[in-house]
Amino acid sequence: YSQEDIAVLVRDNKEGLIFSKLLIEAGYEIVTDDALSVAGSQAVQRAIAYLRNINDPSDSIATFLTGRYEPFEIKERTLYNIFEEIFASMGELATRQLPYVTTFLDKVIDYTAKNGSDIDGFLKWWDINSDKINICASDGKDAIKVMTIHKSKGLEFKAVILPFMDGNFKNIKGYKWIIPD
């Protein structure tokens, strides 16, 4: 099946978010009406923790969350350049979560254009606004649709994935059910 033939049906937005993140990290294009929070990205969380540690080295939680990234000189750097360096040091994690990272960096550009590269100011802004920042899933035609069962009423798909469903589907005729062991 092509990606546009596939729908992933979930019970609620929380399950949709979990499965959407897995699909994105695996390199699939998705379409969803439900927002994907940038603040939920592990790469973004680590970058913010790293910045908190730069801003306040005595912050033991931030120090713990930064992992094994090496410190670097931040003088004469923009906030955007600092985050670029942080994400570059993450390697594969940042690559797997590229849609989150690029959306985050776009917001950093927007912030610095209006407010400059003040780290403390950015962290305060992030604490207030992070829950409102979401990635935009692909609007392209060749993308897997992730939606709640309720939103799928009346729609037809060639292939449907029900990742969190329990129950006995074997007795329903006319469909090919593939149930992993």
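Label ASN55 and SER117 with points 7 Å out from Cα along Cα→Cβ: what is the distance between them in nm?
So the label points at ASN55 and SER117 sit 1.6 nm apart.
In nm, give the distance between the simple-model label positions of ASP110 and ASN134, each being 7 Å from the Cα along the Cα-to-Cβ direction.
Modelled inter-label distance: 1.3 nm.
If each of ASN81 and HIS150 carries a label point 7 Å out from its Cα toward its Cβ, how far apart are those two points in nm?
4.9 nm
What ranking, highest mean first, results for peptides 45-58, 76-89 when packing means the other Cβ atoms within 10 Å averaged over each residue?
Highest mean packing first, the order is 45-58, 76-89.
Please state the shape class of segment 1-52: rounded when a/c is under 1.5, otherwise prolate if a/b exceeds b/c and oblate if not, all from the C-alpha gyration tensor.
Prolate shape, in that a/c is at least 1.5 and a/b is the bigger ratio.
Pairs LYS21/LYS151; LYS14/LYS153; LYS114/LYS151; LYS124/LYS145; LYS107/LYS153; LYS14/LYS114: which are spaced more than 29 Å apart, C-alpha to C-alpha? Each step should come with its number before you reach the end.
Numbers: LYS21/LYS151 19 Å; LYS14/LYS153 19 Å; LYS114/LYS151 39 Å; LYS124/LYS145 35 Å; LYS107/LYS153 35 Å; LYS14/LYS114 33 Å.
Pairs exceeding the cut-off: LYS114/LYS151; LYS124/LYS145; LYS107/LYS153; LYS14/LYS114.
Could you state the number of Å between the C-alpha centres of segment 78-117 and segment 1-23?
26 Å
Once fully extended, how much extra length lies between GLU92 and LYS124, figured as 0.36 nm per residue of separation less the alpha-carbon to alpha-carbon distance?
Gain on extension, GLU92 to LYS124, equals 8.7 nm.
Every number here is computed from the coordinates shown, using simple stated rules; none is lab data. None of the values given here were measured: they were computed from a predicted structure. Cβ coordinates were reconstructed from backbone atoms using ideal geometry, including for glycine residues, and neighbour counts include every protein chain displayed.
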